[in-house]
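S.K.: A single structure is presented below for examination.
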Amino acid sequence: MRTESRKLPAGFGRLWTAQTVSSLGDGVTHAALPLLALTLTRDPMALAVVTAAGTLPWLLFGVLGGALVDRWDRRRTMWVTDAARAVLLAIPAAAAALDALSIPLLAALAFLLGLGGLFFDTAATAYLPDLLGRDPALLERANSRLRGTQTAASGFAGPPAGSALLALGRAVPLLADAVSFALSALLVRSLPAAPRPVPQARESLLRQARAGASYVFRNRLLLGLALRPAVGNVAFIAVETVLALFAHDRLGIDTFGFGLLLTAEATGGLLGAGIASFLGRRLGTGTALTCTAAVEGLAVLGLAAAPNPYVAGLALAVCGAGMGATMVLAPSLRQAIVPPHLMGRVASTSRMLAMCAAPFGAFLGGWLATTYDVRTPLYAAAGLLLTMTAVTSTMTGNRRVEAALRAAAPAEDPDHPDHPDHPEPSEPSEPVREPVLQDAVAAKRPSPGETG
């Protein structure tokens, strides 16, 4: 199943550069937007509205957005979306220059940028398998690089750059992000064209969206891959909600030390993204995913019991490594096994589940800390992560992964109907319908082996 000797195509370099530039701009805006809001108001609820507005598109339009992406040309969706976001940012930049910024304007900006992110990220997820020929090994290598540079650009370089640019003027970070989107649009526009999604029977958008969500819930492997970030978000947001308070009250960490604590987690994330492919080759993707999930749970448990900042930093670095590896292996596997015409809907359904879980984590963390102790949310999160690991271990095991990869492999045969070069029938005798939704292992029990 693995073809390590193959090289990533030249087009991937342009996609990689585009996403790196865009991630840097995202990091700039991520830091600048709340700071801009803080110059307008000190009302915590108003600040929360600006922050929450960026997540609303995934909650409201996640699955429908995936259905639209499955109807549209993926490359065009990406570059048009980035071009639109570049133009959009010119509006608040002008308002900032004219001293006309307002909280409603910033909330609307966050919402529309989030909506653009929904379409771009979903289209990019669906486009990458076409660019790489749905090769599992190439997908792991590509996602490792994309994830690593995204973490470095948006997590390390972007936020301090955003703060520094804001000191030069309120419009400067917004203009910088606009330039990053424009450059990304130009690079994506130059990418090779990918096969258009296979036309489906004329169905309503809502029905097609429902079919994509059903495909996830009726396939145990995809459901297991979707449950990990959903349950993980509940746990990690519960930790994040009280982490600053825990660091200050229990570990005696000041503001600068808290920044170092978060940097340790991001550093671990870079390491995890870098070794993800190695873990997949040595352990098999299914076993590697189970191990990284267990590492995350144990690391959070170590954080909860940490007696000093050094142990806490090490625990967060280990947790970040597990998260970084998971966020390479899981999307790569999903991209390798999902039919091209369903890729947008499956990706957006999984992302929406993760986004919907976040508010529950925030409530859980705040309630446990208020009712019991500030360490309690951390212990609860560790228990939740370890329970999730046990529940999903059989759903994403090596045998099930291997079966799914075998089921997807025939699409690489030029004679297979799903292959891009396969001639389409001139007059289909009946409308094309959604494929039968079935578990990849229902037909036969595969033999164990290394997976991708």
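The values are calculated or read from the model by the stated rules, or taken from the named source; none is laboratory data. Computed from a predicted model, the values in this text were never measured in an experiment. Backbone-built Cβ (ideal geometry, glycine too); neighbour counts: all protein chains shown. Protein only, heavy atoms only, side chains kept; ligands, DNA and RNA dropped before computing areas. Shrake-Rupley method; radii C 1.70, N 1.55, O 1.52, S 1.80 Å.
S.K.: Mind jotting down the distance between the C-alpha centroids of region 207-257 and region 290-339, whole Å?
M.R.: 11 Å
S.K.: Using a 1.4 Å probe over the heavy atoms of the protein chains, calculate the carbon and sulfur portion of the accessible area of the chain as a whole percent.
M.R.: 65 percent
S.K.: Within region 118-209, report the trypsin sites (Lys or Arg not before Pro) that DSSP leaves as loop and that have at most 12 other Cβ atoms within 10 Å.
M.R.: Answer in residue order: R202.
S.K.: Compute the relative contact order of the chain as a whole-number percentage, counting only Cα pairs closer than 8 Å that sit 6 or more residues apart in sequence.
M.R.: Relative contact order of the chain: 25 percent.
S.K.: Express the accessible area of region 2-89 per residue in Å², computed with a 1.4 Å probe while the remaining protein chains stay in the model.
M.R.: Value for region 2-89: 46 Å² per residue.
S.K.: Taking every pair of alpha-carbon atoms in region 85-244, give the share separated by more than 23 Å as a whole percent.
M.R.: Of all Cα-Cα pairs in region 85-244, 58 percent lie more than 23 Å apart.
S.K.: How high is the relative contact order of region 237-350, in percent, counting Cα pairs under 8 Å that sit 6 or more residues apart?
M.R.: So the answer I get is 34 percent.
S.K.: Working from the pairwise distances between different alpha carbons, so that the mean of 1/r is found and then inverted, what is the chain's Kirkwood radius in Å?
M.R.: 22.8 Å
S.K.: Here's another thing I want to ask about it. Expressed as a whole number of Å, what is the distance separating the alpha-carbon centroids of region 369-400 and region 25-92?
M.R.: About 30 Å separates the Cα centre of region 25-92 from the one of region 369-400.
S.K.: Then there is this: Order these peptides, 50-56, 36-42, by their mean beta-carbon neighbour count within 10 angstrom, highest first.
M.R.: Those peptides, ordered most packed to least, come out 50-56, 36-42.
S.K.: Mind checking Rg over Rh on region 124-175, alpha carbons, Kirkwood formula for Rh?
M.R.: Rounded to two decimals, Rg over Rh is 1.24.
S.K.: Report the per residue volume, in Å³, of the convex hull enclosing the C-alpha atoms of region 289-417.
M.R.: Here the figure is 104 Å³ per residue.
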